[in-house]
Amino acid sequence: MQFIDLKAQYQALKTSIDARIHKVLDHGQYILGPEVAEMEAQLAAYTGSKHCISCASGTEALLMSLMALGIGPGDEVITTPFTFAATAEMIVLAGATPVYVDIEPDTCLIDASKIEAKITSRTKAIMPVSLYGQVADMDAINAIAAKHGNLAVIEDAAQSFGATYKGRKSCNVSTLGCTSFFPSKPLGCYGDGGAIFTNDDALAKTLREIRTHGQERRYYHTRIGVGGRMDTIQCAVILGKLERFEWEIERRLALGEQYRQKLEQAGAKVKLLTVRPDRDCVWAQYTVFVEDRESVQKALAEQGIPTAVHYPLSLNRQPAYRDDASAAETVHSHRAAEQVISLPMSADLTEEQMDRVVVAVAAI
Ligand SMILES: *Cc1c(COP(=O)(O)O)cnc(C)c1O
């Protein structure tokens, strides 16, 4: 069994993806070719956003967003310590300081009720993470941002493309939404890729300049940028994947529900993640809480069932981001880091495979 079955997905879409890749090879516009704009238009329409700016990765999307907002030295960005490192990494790389707010223990999402206490005159943005494919409480977060002088809200939506929050699509629920097309994400390409979504014309223009070395037109540089484009071939792959993406999202929602029912029925000693009733979680990972994670991982590995841990250590306890004062407060984050385990999950997971996982977990 694979943790994420990317090969099954390719087999299902092979004809279309191969043809699209060959078309790019033939027309030769490997950078910013027609597939880039075509993909951006389709993704913007999908999320309902006015603009989609594709870029080199989800990490680059976060960095470019911070740059476009002019966030740098002396500025603070409020975020969660329970996320992939790139979230805080890009805040630090931009020269700003990550300020950590603890998570809700049942969803693992930033606890919006604790954000206001962390706002200072230096706060420039809030960066919630839509972890495991569930969007954080964006209405509450946007309201806090508006109340404190229109702070920017950047959704780290690397794991949540396709998810909804009160009927709105992830990536279109705040100032900027940043997603990733890393192969294992809900919408993945065959390499690195990412995108930024916004309804703000000025920010979109700035982001397009930043993406290509801050140039307004060729070789005229008005600002500092990056080499942050997504390859045309990778956009072609996404266009192929979009042909059955709606089906994949439906599958992911159904599989998440099936996992819940089967684990409960089997009496498995796991605590399930809460999904709020106003949201759809696309289960980038199917993550649950267990008491003795090491023995669970070992028992599953012995039966050929791969698992993963997203993530084993809060960022404010990592050597690179160590922040003892905030680490003393973010207790739910640390407990989650000790207890979370992700089970095999992808749109191509079969019922038989899921049953094997459930039986193995329940037997522990
Ligand atoms: C994957 C991920 C990123 C980074 O995306 P890349 O495309 O791998 O650079 C950022 N934040 C979160 C929460 C992620 O899961």
Quiz item: Which FRET efficiency, nearest 0.05, do Tyr219 and Gln42 yield, Cβ-Cβ r, R0 25 Å?
Solution: 0.25
Quiz prompt | Estimated FRET transfer efficiency (Ala146, Arg244; beta-carbon r; R0 30 Å; 0.05) | solution = 0.20
Self-check item: Cut-off 12 Å between beta-carbons: net charge of the residues surrounding Leu273, Lys and Arg +1, Asp and Glu -1
Solution: +2
Quiz item: Can you pull the three principal axis extents for the Cα set of the chain, in Å, largest first?
Solution: 64, 53, 36
Self-check item: R0 of 35 Å, Cβ-Cβ distance Tyr30-Glu302: FRET efficiency to nearest 0.05
Solution: 0.15
Quiz prompt | Rg and Dmax [Cα atoms of region 277-322; Å; Rg one decimal, Dmax integer] | solution = 14.2, 38
Quiz item: Within a Cβ distance under 14 Å of Arg356, other residues only, what is the Lys/Arg minus Asp/Glu net charge?
Solution: -4
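Just how large is the dipole of the chain about the Cα centre, in debye to the nearest 20, putting +1 at every Lys and Arg Cβ and -1 at every Asp and Glu Cβ? Write down the numbers at each step before the final one.
Values: 37 positive and 45 negative charges, 114 e Å.
Result for the chain is approximately 540 debye, rounded to the nearest 20.
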Quiz prompt | Gain in span if fully extended, Gln11 to Glu257, counting 0.36 nm per residue against the direct Cα distance | solution = 86.0 nm
Quiz item: Which value, in debye to the nearest 20, gives the size of the charge dipole of region 175-225 about its Cα centre, when Lys and Arg are +1 and Asp and Glu are -1 at the Cβ?
Solution: 140 debye
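So between Lys50 and Glu291, what do we pick up on full extension, going 0.36 nm a residue minus the alpha carbon distance?
Taking 0.36 nm per residue and subtracting the Cα distance, the gain is 82.3 nm.
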Exercise. Pull up the cross-link candidates among the aspartates and glutamates for Lys124, meaning alpha carbon to alpha carbon under 15 Å and not fewer than 8 places away within one chain.
Key: Asp75, Glu76, Glu116, Glu155
Quiz item: Do any GluC sites (Glu not before Pro) in region 84-177 lie in a DSSP loop with no more than 11 other beta carbon atoms within 10 Å, and if so, which?
Solution: none
Quiz prompt | Hull-based mean projected area of region 223-364, where the convex hull spans the alpha carbons, in square nanometres | solution = 13.0 nm²
Practice problem: Specify the inter-centroid distance of region 1-43 and region 122-174, based on alpha-carbon positions, in whole Å. | Solution: 29 Å
Quiz item: What's the extension gain from Asn199 to Gln265 if we count 0.36 nm per residue and subtract their Cα-Cα distance?
Solution: 19.3 nm
Quiz item: For the modelled label position 7 Å from the Cα of Lys23 along Cα-to-Cβ, which residues of region 174-199 have backbone nitrogen atoms closer than 18 Å?
Solution: 189-190
Self-check item: Dipole axis of region 1-154 (+1 Lys, Arg; -1 Asp, Glu on Cβ), positive-most option in Ser54, His27, Gln2
Solution: His27
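Every number here is computed from the coordinates shown, using simple stated rules; none is lab data. No experiment lies behind these values; they were computed from the predicted model shown. Note that each Cβ is placed from the backbone with ideal geometry, even for glycine, and that neighbours are counted across all protein chains shown.
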